[in-house]
Amino acid sequence: MRKLKANLSEWFDVLDKRWRALTLRRQQQYTLYFFMVYVFLTAAVLIKICLDTAKSNAGMEMNHIENPALKKK
């Protein structure tokens, strides 16, 4: 577990150094792109939820529970 933690820490340090090596403008562009993707995915999920709830007008169907062990084929 310690080796895994050390490897992850090392990997995050490398990523942090690569991020800091980027220019400020490039960091802002990447941040903006990630935020735009996040907003797009959030909007898509909300639209999907709205469409699914608007389409579902059927009431709850109630049936008797059948025991599959006693069911004849």
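The values are calculated or read from the model by the stated rules, or taken from the named source; none is laboratory data. Nothing here was measured: the structure is a model prediction, and the numbers come from that model. Note that each Cβ is placed from the backbone with ideal geometry, even for glycine, and that neighbours are counted across all protein chains shown. Ligands, DNA and RNA are stripped out before the accessible areas are found, and what is left, the full protein with its side chains, is counted by its heavy atoms. Shrake-Rupley method; radii C 1.70, N 1.55, O 1.52, S 1.80 Å.
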Before rounding to the nearest 500, sum -39500 (n - 2.57) across all DSSP H runs of length at least 4 in the chain and divide by the residue total; then give [θ] at 222 nm in deg cm²/dmol.
-25500 deg cm²/dmol
Could you compute how much accessible surface residue 14 exposes when probed at 1.4 Å, giving the result in Å² to the nearest 10?
80
Return the sequence-ordered ³J(HN,Hα) values of region 27-40 in whole Hz as given by the Karplus equation 6.51 cos²θ - 1.76 cosθ + 1.60 applied to θ = phi - 60°, using x for Gly and Pro.
4, 5, 5, 4, 5, 5, 4, 4, 5, 5, 5, 4, 5, 4
Order by accessible surface, 1.4 Å probe, largest leading, for residues 2, 25 comes to 2, 25
Binned Cα-Cα distance frequencies in the chain - 10 Å width, integer %:
14, 17, 17, 18, 13, 15, 6, 0
Rounded to the nearest 10 Å², the accessible area of residue 10 using a 1.4 Å probe with every protein chain kept is 120
With label points set 7 Å from each Cα along the Cα-to-Cβ direction at residue 35 and residue 48, the distance between them in nm comes to 2.5
Pulled fully out, how much extra length does the chain show between residue 69 and residue 5, if you take 0.36 nm times their separation in residues and subtract their Cα-Cα distance?
18.0 nm
In order over region 11-22: 3J(HN,Hα) from phi, Karplus 6.51/-1.76/1.60, θ = phi - 60°, whole Hz, x for each Gly or Pro, gives 5, 5, 5, 5, 4, 5, 5, 5, 5, 5, 6, 6
